[in-house]
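Just below is one structure, and these are the notes that go with it.
The values are calculated or read from the model by the stated rules, or taken from the named source; none is laboratory data. Source: prediction; values computed, not measured. Virtual Cβ from ideal backbone geometry, glycine too; neighbours counted across all protein chains shown. For the accessible areas, the whole protein counts, side chains as well, though only heavy atoms, and no ligand, DNA or RNA atoms are used. Shrake-Rupley method; radii C 1.70, N 1.55, O 1.52, S 1.80 Å.
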Amino acid sequence: MSSAVPRVGTGVDVHPLTSSRELYLAGLLWPGEAGLDGHSDGDVASHAICTALLSAAGLGDLGQNFGTSRPAGASGVALLRETFRLVSDAGFVIGNVSVQVIGNRPKVAPRRAEAEKVLSEALSGASVSVSATTTDGLGLAGRGEGIAAIATALVLPAAH
């Protein structure tokens, strides 16, 4: 049940890199880049957004809502569409979402607008901003072993 005030959620996701898969990140295929290992397509940006939205709406997290029951390789964009439905059914509209990708590669800036468009479309036009950073060689992302993402989402009660 929604409350009368805006609600904020945070989501984090991390996956190790693997050369045996293509990279899907922020809803996009990144040709020539090592992919992310995971049950789904490993899109850490999409997964972090899903968790942020589910958390803001009081619906738990990605694992609780999807777990490994989804077919292997499920796309992050498909998970975003289903998350949008769950959040809407719970009586909320998405105010906006911000996601930051943490890793050395790929360089997100040249495709930022494209990623924002794809992610926004998966969320029925909600405002999505994408940013990226490195960790200056620290941790698994800095050593090139994986990619992480952190997202924040604002949801508002739907008008009755």
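Things to note:
- Qualifying residue in region 123-134 (condition: closer than 19 Å to A90 by Cα, open to solvent by less than 60 Å² (accessible area, probe 1.4 Å), at pLDDT 95 or above and in a helix (DSSP H, G or I)): no
- Qualifying residue in region 53-70 (condition: in contact (Cβ under 8 Å) with a residue 12 or more places away in the chain, surrounded by fewer than 20 Cβ atoms within 10 Å (Cβ to Cβ) and touching a His at 6+ places or on another chain (Cβ under 6 Å)): yes
- Residue match in region 74-91 (condition: open to solvent by 40 Å² or more (accessible area, probe 1.4 Å) and under 16 Å from L17 (Cα atoms)): no
- Neighbours by Cβ (under 9 Å, 6+ apart or cross-chain): first from region 129-147, hydroxyl-bearing (S, T, Y); second surrounded by 14 or more Cβ atoms within 10 Å (Cβ to Cβ) and assigned to a loop (DSSP other than H, G, I, E, B): S131/V108; T133/G103; T134/G103; T134/N104; T135/G103; T135/N104
- Elements of type helices (runs of 4 or more DSSP H) in region 1-116, at least 3 residues being over 12 Å from the mean Cα position of the chain (by Cα) and of a type outside the set (S, T, Y): 62-65, 76-89
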